[in-house]
Structures are given as structure tokens and as C-alpha cells.
Protein chains: 2
Amino acid sequence: MIKGGYSPVPFTDVRVAGPFWRERLEVVLSRSIPSQHAKLAEVGILGSLKLPKPVPPLTIPRNAHGFTMQVFWDSDVGKWIEAAGYALALRRDPDIEAKIDAIVDDLAKAQSPDGYLNCWYNGREPENRWTNLRDNHELYNAGHLLEGAIAYFRATGRRRLLDILERYIDHIEATFGTGPGQKRGYPGHQEIELALVKLYRLTGDRRRLDLAAYFIDQRGREPRYFTEEALARGDDPGAYWAKTYEYNQSHMPVREQTRIVGHAVRGMYMASAMADLAFELDDASLKKTCETLWRDVTTTQMYVTAGLGPEESNEGFTRPYDLPNETAYAETCASVALAFWAHRMLHLELDGRYADVMELALYNGALSGLSRDGTHYFYANPLESRGQHRRWAWHICPCCTMNVSRLVASIGGYAISRSDDGVAFHLYGGFETTFSIGGANVSLRESGTYPWSGDVRIEVDPEAPAQFALKLRIPGWAEGTEAAVNGEPVSLAPKCGYATINRLWSPGDVVTLRLPMPTKRLYAHPNVRMNIGRVALRRGPLIYCLEEADNPGGPVQTLALPRVAPVDANWRDDLFGGVMTLTAEGKRLLPGDDAGRLYSTTPPAAQDVTLTAVPYHLWANREPGSMQVWAAEAIE
Amino acid sequence: MIKGGYSPVPFTDVRVAGPFWRERLEVVLSRSIPSQHAKLAEVGILGSLKLPKPVPPLTIPRNAHGFTMQVFWDSDVGKWIEAAGYALALRRDPDIEAKIDAIVDDLAKAQSPDGYLNCWYNGREPENRWTNLRDNHELYNAGHLLEGAIAYFRATGRRRLLDILERYIDHIEATFGTGPGQKRGYPGHQEIELALVKLYRLTGDRRRLDLAAYFIDQRGREPRYFTEEALARGDDPGAYWAKTYEYNQSHMPVREQTRIVGHAVRGMYMASAMADLAFELDDASLKKTCETLWRDVTTTQMYVTAGLGPEESNEGFTRPYDLPNETAYAETCASVALAFWAHRMLHLELDGRYADVMELALYNGALSGLSRDGTHYFYANPLESRGQHRRWAWHICPCCTMNVSRLVASIGGYAISRSDDGVAFHLYGGFETTFSIGGANVSLRESGTYPWSGDVRIEVDPEAPAQFALKLRIPGWAEGTEAAVNGEPVSLAPKCGYATINRLWSPGDVVTLRLPMPTKRLYAHPNVRMNIGRVALRRGPLIYCLEEADNPGGPVQTLALPRVAPVDANWRDDLFGGVMTLTAEGKRLLPGDDAGRLYSTTPPAAQDVTLTAVPYHLWANREPGSMQVWAAEAIE
């Protein structure tokens, strides 16, 4: 038995009441999701669902990568429906529902009699379906549409889209597999595996789980499917634009992989699906592979913000410890998907290591992709800028926009888990739920101003006294945590990052938890050569950065933080609707007396200056300027 | 009168006797030049001079930049002849001369009846000559062939190649200009301007100087020639692959330019030609433009090695203070050309600032392009490596190979200058010359082990007592210089980097100069964000680097130099045939107790370790490994 015994409490059963996530959630519900629909219409993605009849002659403007942008448009539609579905689960909205139903009309018309459904292929080159899994995203699109269908069904009970997608999945199941006449293919961009597990959990139809397991286990086997498929098309497999099957993690069978390589989002979706399958199939070997990959990525390839993938050319990984700051790709989607994976690992084993990374990704690398106003985005999330970076209102590949909105819309689902005899809090910040244990309903009301403060209060309110274990995550960064029940200190002996209070709970019980939240200096492993002599600041789960808006007078790269300078946390009501800033007496490096010289035998002069840092996820929401996460340490 | 009054003593009148340059010169003469001829033959460049008759149908494998590599092959031939010509001026060699004469035979056959000479166009598409000056290097090739012809004529007195080139220049002169029926064109890659000034100096034919001045002054004028030329070809001028005319410095008239932009080698050749023209034409406005550009490049855009151009995509400049180390392009040719320019600026104004940069380029950014064995090269000269950089035996664009060999073969020409009443030493290290002043022959014999030691001895040996000024460069890095004449201390009051000893010199007079050469720490201007918290080491004119070969135990990026650690110079007979190394008690940064973690709240542990640095130009001559010029400063 490898399951941790805990299952997530779905976000629909968790009320997000705390100020931090409530604000982000409101912005996503009221601004991001509606504006994303408008953008999908404006740029022609919704229009692409209305197929031309008859199909016009084939003229495809393929780009250097051999595909057009449009081949993944279905996925953007699916991801938007998923985010909107989550929003509807929290708050019904006839206008949004009408918009989704209109999309469903188009999809119904676009679907082939045999169930196949891909608007690019059905509208342009129906004869070429399933001929280029490597590049053309058909299975990826199916996965996202399926996730959208499941979310919309769960929110509204309307199953027309789900029916369409189940027919499509039936078709996919008939097409792919190891049986006679079947193609031994698998996705070029992993994603459908996750969606199939969700469908299995919704319907209990075991075939969906088996198909997901097939895609994972077939991946990377000899003979290599993408090679055979290229030959069948008449293409030279050696002319693969990405140069290596590491790009999509099909360079070797999945269970043999020990390092995370290639495209970061594909890798994270694959790892998430593997964790799902390890859970559902009680598959110890798959769990072990997940653990090996987890160790690799978190100890050698992860930015301090939980950003993943330093390199633009493959949107992915390079070498251990290669984590350049200014050119960091660190795609928003990759951090979102890291949160997915971490959440799944946590349910294979209730270990705070996973929760720590999940929280790091949520508050930093993922959240930085969404602007304060909810309508501007980062695709790449560098850790340093000269001021050249701007949030954009849309992107030619808009995957990140809907990824961050579906994450935030379902944020409550990452906070709490249940077992037969317990409940576990992974996140704090105002999450509330009601659950039933031993026949009694128990209301849990967690409150506080986390992540600004580590003071957490949990009101435990059973209808009648009830015995259960309350597991509280003690973050890896917290030292000297104290707790009390009804004012009486309790001694905590956290194991694997969770403290357990197992007692007979009575109505009105109150647990208080005090997670000390001093600002900490972080140092990178010295093999991260870019960060030698540099320091980052973390307070609680938040990574901070220096922005020029708060530190006028020159590029923030010329600021330095003495190793011994105290760093103070200062609440600022006037900034970002309230934010904890960090300040320290630091230095501004200035040219010496020989001011005009490029090189000097005297070190730069150091002028005393107050440094102000703000949470990384908030950067680039004000006037453009320089930014830096890893500041120089002053030499005195 | 803007001329400095000094003219270079040609390298043919300077004997290179000192150990440092003698060794490099011998290697270039005996190994680089012969092996370069073999490579030119092996890769088909010499074969390309034998034109097919009749001209075959046009099928041109153009690359993404719109040209084939072959369009610049003529220039490689010209540059090799120039380097070989310099070698022959020092030491005749019938074998090399026969090889050059064979090339001249081919060029004679390739030349059109009207004088036009370009092996690519004449052999492939004669009807398209002069239709794409922007990209296709015709004038650039002509310039290099002309420089080769001049060098070969000066060395041997054989004027067949020179005649061929003079006929070609006559044709170019008839083709380009502001007269009726002439094209108002100018080179896409500057170079011919320099060659034309050399031809003027050889022949006194003023038309050559006027043509050079025309090319410089026409450049960047409206209407833009490259735009009109593209339209005439039927091309879209807006589809220019380099995106901006800044790439070849034709974005505005030359005299209006205040910043060095674009392709570094083009910019340096242009600036060198401008300095030549300012000198020959006594043109104060052109001199002023040169000074403005000089200030820009040396105070905001030059690597500490005198490397130029951080960016690969344009082989050139980006923004002030943008000087990344590992990705530095810093093409060898650009540093060679910077030495050219500095040498010319020095003769507009005898100012040590120019000599300092010239020397820096010679000993560092240019010399690093040539391996110890004389047959391997660097095109790009990064200031940091993970060990991925290897010297190559040849390059698809072999410009740098012959550029460094022509520089080293003529190194004596950078050492000494003459005026009517004086002689100036710019370089030290064993340069000897004999000159005539006031009717008397004077022999000058400078000796010492510079750059390893700053102790310089100059024997001044006039046939009969002679009055003249001996000007000795006092490098900008030298502090507390002392000098003596015949053992008697003389007080030096250097002006603009030169100390003057004006006296009646007698046979057997000896001047000794002591340039203290302590190791200095260098710090970059804090706007160079890559080098904040970093330090470089310089001793005399040499920039040093840490190489893994001398510092085993991990990447050199994990080494740190405490600000207060003494740095010692240690002569090593066993290394590189004798070299001054630098050693210091430094630190190796190691992961702390939580060794496996990527980020830690404790700074990396620092282990005491002896750091050993070697001159930058010698890097990558041993087993591959990491390298770094700018080391972290240790924080204690």
C-alpha cells in the first residue's frame, strides 16, 4: 500500500475566506476568465471551432517547427472551459454558461461521426489525422477539452460536452494500444494522461485509467513511435526540429528515466500523470521513478521561485545547476504543473517536502504569471530584468493565461486533505471546510493573514464531540513553531513536516498555531555559478525581489545587501492593496573617483541606502524598471 | 595640424628580439602561415579561385542571411597573402612565394577584361556583380586582396598582384562615386577604405585616398544606398535579415555617429579608416568623431580583455555596460581591429590612452585567438567557460585565423614611432631598430623580459652624438616608474602617458626604465551588472584567468578571492615554456552541511585553497575545463 491515506478535499468543498487568495480568486473570477473569453474570440481561436464546409483545399502555413499555432487552439478552448467551470462551481453565471454552451454547439458540429474531434484537422486536413503525434498536439488538445468537459459537468451537471468527449475518448481508445490494428502511439505533448485519470475518477470507467497507463508505459519504447510515424509520413526522423526525443521525454521508457529533461511543461504533466497512476494502481515502481525525478528537479534544476526550465530554445531543462537569472525561461505553465505534481506526490506520501515545493510554486513561480489586474501575463518568469520585461495582454501561445486562472480558480483544492480518521492542512490563509467523520459533521475554519503572518487560528466545530487527527503542516522554513488548543500549549512533534493533534474534538475548540516568520537569507548551492556572492530573501513562503520602483536611483543590480544587515518586515497599506515589504540598510555601488572608467583598481564606492524588497509574484505591476531576486552581497 | 607628428616605424625596420613576441612570431611564421595555406587548399578556398569556364547555370545555395560562405573566400586568400607577405618581409621563403604566385596566376585568369575581380561572381553569376553591396562582400574582398598585394609587393618587389589589384581599384573608382552614371554605393563590410589608404601611401596616387574618403563620407547618407539597391534587386529592403542598418554602421552619416553600434569588426575597420583619413586629410571633424566613438567603446562597451561585441546574433555591440562573460562573443578579429584603430589614434595624438588599449588588445583579446601550437584558434573569446569551449583547427568563416597571424607577423610595427626630432617607444619586450636623425644613424636596442617584468633597458647607440627626444610610454597601469640614464636617475614627468628624455645622445648610452608591475585587482563599473562582487587580476598588460587545469577540484566558478589576500607572482619554467603565474590564498565554496539542497539559509562553506591564475591569452591550451576571468570576491 503506497497511498498516503489522504485524499484532497475538492475545491468545491473549501471556502477561500482569507484575504490573500480571496483577492486573487475574485480577480480571476471577475476579470481574468471573462477577459480571456474576449481574447479567445478576438484572436480567432473561438472562430476556429466553426469549421468550413466543405473542407477547403489544404494550404497550411507551417512554421519552422513544422506546425501552425492553430494546431493547439483546441487546448486553449478546453483550458478556458476548465477555468470557467471551476469559477461556475463557486458562483454560477448564466452569461459564462451561455458562452460555454455556444462553444459546445460548435464542438458538436465539428466532431466526426466516428467520434474524432480536432478542429484543426477536421477543418483543414481530415485525411491527415493521427499522422504527427510528435508535433501536432491532437492528444494534448483532447486532454484539455476533456478536463474542461469534466469541470463544466461537475459545476453544472450539464453533460453534453462530457458526452462529446467520452465519445472522442472511445475513439482514441480504439485507435491507440498494443492490440491488432492499433497504433502504438502516445502524445507528443503529454496532458491527456492527467485528464483520463480525472475521467476515471468521475465515471469509475476503468478503461480510462488503462488508457492513461498505456500512454505512460508505451512512451519511449523501441521501436520508437515518433520515428516510425515520421517515416510513414515520408519525413526524415533525423530532421526532427527539436533534435532529440529528450524534448518530449520519449528518449527512453518512462520508468527508466532518472533525470528531468526536455520541455518543462511536458515533463511536469508527465510526472503528474505518473503520480496519479502510482496512486490509482498502487504502483511502487512508478512511485519510485517519481521520487527519483523529484529529487533531480528539486535539488539541481529548480529556481528559488519554483520556476523550471532555464532555456527558451526547448522551453525546458538544460544541465544541473544551470539557472541563469535574466534569461530564465521558467514558463508559468511549468510552475503551475509543478504544483500539480507536488500535490499528487503529497498524496502518495504525506511529506512536507512536497507541500513545501507546492506552496513555493503557488506563491511564486506560478502566481508571478498573473498581473494584479488579472488581465496581463508573463509567459516567462525571469529572476532578473534590466527593465525590458513587460506583462502582455495576450500571447501567441496563450497556454499560461488559462493555466494560471484554472489554478487560482481551484486554489482551495490544494489546502486540505482527508483520510478516514483525519484531516490535514497543507496551506493556510483562510480556508474553511465542513466534513463528516464518524457520522458527525465537523466544521473547520482556518483564519489569519497568512502568508503575511504565521499566526494561524483553526476553529474546530463538530456537531458533537468527535475523535480525529488534525494534521498541520509545519513548513520546512518554519523554526520554533508553537501551538495551543483552547489556549493550552501543546507540544508538537512534527513528523515529515506534519504535526498531529489527535483528540476528541468538541464544539468551539480552537487551535492556534504560531509559525515564526522571520526573513531568511537564501544562498544557492555553489554549483549554481550565477548566484555565487548573491543572496535572496524569503519570508514565509514568499520569495522577494528588488524592484526599481521601490529602489529608485539606478538599476537594482547595483544594490548590495551586507551579510550582517538586519532585514525588517514592514506592512504597507498603500502598496498593492496591502503588502509586507522587506527593508534593510544596504549599499548602492557607485563608480569610484575615476567615475568615467569602465575598469578601476579601486572597488566601487558603496553608498548607504535603504533597500526595499517586495514579493516576487508582484513584480512588473508598476512602471517598468529593473528587478533582481538574487542581490549581490556587500563586501565590507 | 592635427597629426601627432609621429609616424610608425614599419615592422620591416624593427627587429623583434624579446622572448615573448619572438616566440609568437616564430610560431606564426613556421606553423600558422604554412598550415593556413594547407587549410585554404583543403576546404576548397584556393580551388574556388579556379573559375569554371564556361560559367555554369546559376544555382546558389544561399543561407538564411542571403549569402553563401563562399562570397567572402577571396578575402581569406587576400588576408593569407598579407600575413605571408609580412612573413616574407622578415624571412624570404621560395616555397611560400611559389604558393602565392600560383594564387596570382589564378587571380589573373579570374579578372574580367574591365578589371573587375571577384571569384564568386565571375565564376557563378557575373551578371549580378555590384547588386548587393550590403551582404555580398565584393568591396571587402577587394580590400583584403589589395592589402595582400601591397604586403607581397613590399616584401618581394613583385608587382604582378599589385598591378591586378590596381586595375581592379581603377574599375571600382569608375563604378562608385557621385559623378554621373556612378553608383553611390559603399561597402556592406568596411575594409577597403583601410586598404586604399595603404595603397595611397605606397604609390602616392591621390585618387586612392579620395576613394577611401568617398566611401566613408557617403556611408549612411539619404537616400540610403542599401535600400535603393534592394529595391533594384526586387527585394524588400524591410526584410533585411540584420533588421537594422546599425548592423553595418550605415544607419546615419558617419560623422554624426556618437556610439559604436552593430557588427564589431565592421565598426572597428571603419573607425580605423576614419583615423587614417583624419591623419592624411588633416580632418579635424573626422578626428573628433573618432574621439567620440573611442570614448564610447572604451568606457562603456569593452571587455577587460579588450574584447568587443558581447552578442553573437549581430557579432557585435548591444547596450552600454552589457558585457556578459560566458556568452561573450568578443571576436578575435574585433580585438585585432581595435589594435589597428588604437595604433592609428596614437598617431593622431601621442596619448598613452590609445597605447594602453592597443597593448591590452595585443596581449589579451587578440592573442587569445591563437593557440600555443599556432594551428588552433578561437573565433569567440568568452571570459568564462564551463569547459565547453575548445579551440578549433579551422572555422567555416576563417577570418580570425589570418587576422591574428597578420597581426603577429607585423607586431614590430606597433612598437616604435618616429618624428623629425624624436623616437617613441609604445611597446617593450625586445624591440630593436636603427634610424637616421640629423644625418646620423642611431641604433636602438630595447631589451628585457617584458611583459613578465617591467625592467626595461634601452641601449642608444648613435654613430656620433645626436640630439633627439626619446619618448618612453609609461603605461596607465604603472605607478612609481623610475628611470636612469647611464645609471644616473632622471626625473620623469610623463605627459599624456609618455616621458621624454631629450638630450645629446652618445654612443653606448643606456636608459633603464623600471615599471613596477605589482598584481592589481580590477573592478568593473557597477553598471556592468555581471561583474558586481567580482574581481579580475591584471599584472602589467596581462589580464589573468583561473583555469581548472591549475585549480583542480571543481569548477573554477566556485573559487573566491578575498579582497585582502596577497597575490604573488611566481615564475613557472615548466608551464607554457615559461610563464608568470599568480597565486593567492583563496577560498573554494562548498555546499554547507545540508549538502544536497539547492538553496540553504547558511552561506556556502569556504575551504582555504591556493588559487593559481594564468594569463588569459593562454587559456584552453591544456585539457578542457572551466575558466573564469572575473572571480567572486570572498565574503568573510
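Ranked highest first by the average count of other Cβ atoms within 10 Å around their residues, in what order do A:85-95, B:608-618 fall? Working shown, then result.
Details: A:85-95: 17.9, B:608-618: 21.2.
Top to bottom by mean Cβ count within 10 Å: B:608-618, A:85-95.
Distance between the C-alpha centres of the stretch B:90-169 and the stretch A:330-383: 63 Å, rounded to the whole angstrom.
Divide by every residue of the protein assembly as shown the summed helix terms, -39500 (n - 2.57) for each DSSP H run of at least 4, and state the resulting mean residue ellipticity at 222 nm, rounded to the nearest 500 deg cm²/dmol.
Values: 30 runs with 400 residues, N = 1272.
That comes out to -10000 deg cm²/dmol.
Extending 7 Å from the Cα toward the beta-carbon at both A:GLU479 and A:THR602 defines two label points whose distance is 3.9 nm.
Derived value for the stretch A:508-636: Kirkwood hydrodynamic radius 16.0 Å. Basis is the mean of 1/r over every pair of different alpha-carbon atoms. In this simple spin-label approximation, B:THR327 and B:THR175 carry label points 7 Å from Cα along the Cα→Cβ vector, and these lie 3.8 nm apart. For the stretch B:91-135, the calculated P(r), taken from all Cα-Cα distances in 10 Å bins from zero up to the bin holding the longest distance, is 24, 39, 24, 13, 1 percent. Sorted from nearest, the other copies put their B:ASP95 label points 8.6 nm away, the label point being 7 Å from Cα in the direction of Cβ.
In the stretch A:349-496, what is the volume of the convex hull around the alpha carbon atoms, normalised per residue and reported in Å³? Present the calculation step by step, with values, prior to reporting the outcome.
On the way: hull volume 22.1 nm³, N = 148.
Enclosed volume per residue, from the Cα hull, is 149 Å³.
Would you mind counting up the charge near A:ARG538? Only other residues with Cβ under 10 Å from its Cβ, with Lys and Arg at +1 and Asp and Glu at -1.
On the way: positive: A:LYS520, A:ARG521, A:ARG539; negative: none.
Within the 10 Å Cβ shell, the charges total +3.
Residue of chain B with the Cβ closest to the rotation axis carrying B onto A, and that distance rounded to whole Å: B:GLY533, 2. For the stretch B:467-478, backbone phi angles converted through the Karplus equation (6.51, -1.76, 1.60; θ = phi - 60°) give residue-by-residue couplings of 8, 6, 8, 9, 9, 10, 5, 9, x, x, 7, 8 Hz, Gly and Pro being listed as x.
Thinking of the stretch B:214-340 as a set of Cα atoms, what percent of all their pairs are more than 20 Å apart? List each step's numbers first, then the result.
Details: 3609 of 8001 pairs.
It works out to 45 percent of all Cα pairs.
Within chain A, the selection of entire DSSP H helices by a Cα span of 20 Å or greater along the long axis and an average Kyte-Doolittle value of at least 0.0 returns A:73-90, A:94-110, A:138-156, A:264-281, A:332-348. Provide an ascending nm list, one decimal, of label-point separations from A:ASP205 to the equivalent residue in each further copy; define each label point as 7 Å from Cα along Cα→Cβ. Ordered by increasing distance: 8.7 nm. Is the stretch A:299-383 best put as rounded, prolate or oblate by its Cα gyration tensor, with a ≥ b ≥ c the root eigenvalues, rounded for a/c under 1.5, and otherwise prolate when a/b is larger than b/c, oblate when not? Note, shape of the stretch A:299-383 comes out oblate.
Taking all Cα pairs closer than 8 Å and separated by 6 or more residues, the relative contact order of the stretch B:536-594 comes to 27 percent. Of the residues A:PHE431, B:TRP80, A:ASN551, the one whose Cα sits farthest towards the positive end of the charge dipole of the protein assembly as shown is B:TRP80 (charges of +1 on Lys and Arg Cβ, -1 on Asp and Glu Cβ, taken about the Cα centre).
Considering only the other residues whose Cβ falls under 12 Å of the Cβ of B:ARG445, what net charge follows from Lys and Arg at +1 and Asp and Glu at -1? Let's see the in-between values first.
Numbers: positive: B:ARG15, B:ARG457; negative: B:GLU432, B:GLU446, B:GLU459, B:ASP461, B:ASP509.
Net charge in that neighbourhood comes out at -3.
When Rg is the radius of gyration of the Cα atoms in the stretch A:328-426 and Rh is its Kirkwood radius, what does Rg/Rh come to?
Numbers: Rg = 15.0 Å, Rh = 14.3 Å.
Ratio value, two decimals: 1.04.
With a 1.4 angstrom probe, the accessible area lost at the A-B interface totals about 3900 Å². The value given for the stretch B:1-57 is a Kirkwood hydrodynamic radius of 15.6 Å, derived from the mean inverse Cα-Cα separation. Taking the DSSP beta bridges with both ends in the protein assembly as shown, the antiparallel portion is around 90 percent. Packing-based ranking of B:596-603, A:358-365 yields A:358-365, B:596-603, ordered from highest to lowest mean Cβ neighbour count within 10 Å.
Using a simple charge model, +1 on the beta-carbon of Lys and Arg, -1 on the beta-carbon of Asp and Glu, nothing else, what dipole does chain B show about its Cα centre, in debye to the nearest 20? Please list the in-between numbers first.
Values: 68 positive and 78 negative charges, 85 e Å.
Roughly 400 debye, rounded to the nearest 20.
Extension gain, B:ARG159-B:THR203: 0.36 nm per intervening residue step, less the Cα-Cα distance, totals 14.6 nm. Each principal axis of the protein assembly as shown carries a Cα extent, and these read 120, 72, 50 Å when sorted largest first.
For chain A, what percent of Cα pairs sit more than 36 Å apart?
Numbers: 78845 of 201930 pairs.
Result: 39 percent of Cα pairs exceed 36 Å.
Projecting the Cα atoms of B:ALA330, A:GLY596, B:TRP394 onto the charge dipole of the protein assembly as shown (Cβ charges, centred on the Cα centre) puts B:TRP394 farthest toward the positive pole.
Can you tell me the relative contact order of the stretch A:210-294? Whole percent, Cα pairs under 8 Å, sequence separation 6 or more. Walk me through the intermediate numbers first.
Working: 71 pairs, mean separation 24.2, N = 85.
With pairs under 8 Å counted, the relative contact order is 29 percent.
In this structure, the amide hydrogen of A:THR434, modeled 1.01 Å from its nitrogen in the peptide plane, lies closer than 5 angstrom to those of A:LEU444, counting only residues at least 5 positions away or on a different chain.
Placing unit charges on the Cβ atoms of the charged side chains and taking the dipole of chain A about its Cα centre, the candidate lying farthest along the positive direction among A:GLY508, A:TRP452, A:ASN314 is A:ASN314.
The contact residues of the stretch A:548-563, meaning those that lose at least 10 Å² of 1.4 Å-probe accessible area when all protein chains sit together rather than their chain alone, are A:PRO555, A:GLN557, A:THR558, A:ARG563.
Defining a contact as two alpha carbons under 8 Å apart and six or more residues distant in sequence, what relative contact order in percent does chain A show?
13
Distances from B:ARG319 to itself in the other copies, using label points 7 Å out along the Cα-Cβ axis, amount to 2.7 nm in increasing order. Each label point was placed 7 Å from the Cα along the Cα-to-Cβ direction; for A:THR318 and B:THR292 their separation is 3.8 nm. Here the protein assembly as shown has 51 percent of its accessible surface on carbon and sulfur atoms, given a 1.4 Å probe and all protein chains in place.
Amide H to amide H distances under 5 Å link B:CYS397 with no residue, where only residues 5 or more positions off or on other chains count and H is placed in the peptide plane. The phi-based Karplus calculation (6.51 cos²θ - 1.76 cosθ + 1.60; θ = phi - 60°) puts the 3J(HN,Hα) values of the stretch B:449-464 at 10, 3, x, 6, 10, x, 7, 10, 10, 10, 8, 9, 10, x, 4, 9 Hz, whole numbers, x for Gly and Pro.
With every protein chain left in place, what is the accessible area per residue of the protein assembly as shown in square angstrom, probe 1.4 Å? Heavy-atom SASA per residue in the protein assembly as shown reads 34 Å².
What's the long-distance tail for the stretch A:547-618, i.e. % of Cα pairs beyond 20 Å?
Numbers: 976 of 2556 pairs.
Considering the stretch A:547-618, 38 percent of its Cα-Cα pairs are separated by more than 20 Å.
Quotient of the Cα radius of gyration of the stretch B:110-163 and 2.2 N^0.38 Å, N being its number of residues: 1.25.
For the stretch A:138-273, just say rounded, prolate or oblate: build the C-alpha gyration tensor, square-root its eigenvalues into a ≥ b ≥ c, call rounded for a/c under 1.5, and beyond that prolate if a/b exceeds b/c, oblate if not.
On the way: a/c = 2.04, a/b = 1.68, b/c = 1.22.
In terms of gyration-tensor shape, prolate.
Considering every residue in A:519-525, what mean count of other chain Cβ atoms within 10 Å of its Cβ is obtained? Shielding by partners across A:519-525 averages 6.
The values are calculated or read from the model by the stated rules, or taken from the named source; none is laboratory data. All figures in this text were calculated on a predicted structure; none of them were measured in a lab. When we count neighbours, we look across all protein chains shown, and the Cβ atoms used for this are built from the backbone with ideal geometry, even at glycine. Each accessible area value is taken on the protein alone, full model and side chains, heavy atoms only, with ligands, DNA and RNA left out. Shrake-Rupley method; radii C 1.70, N 1.55, O 1.52, S 1.80 Å.
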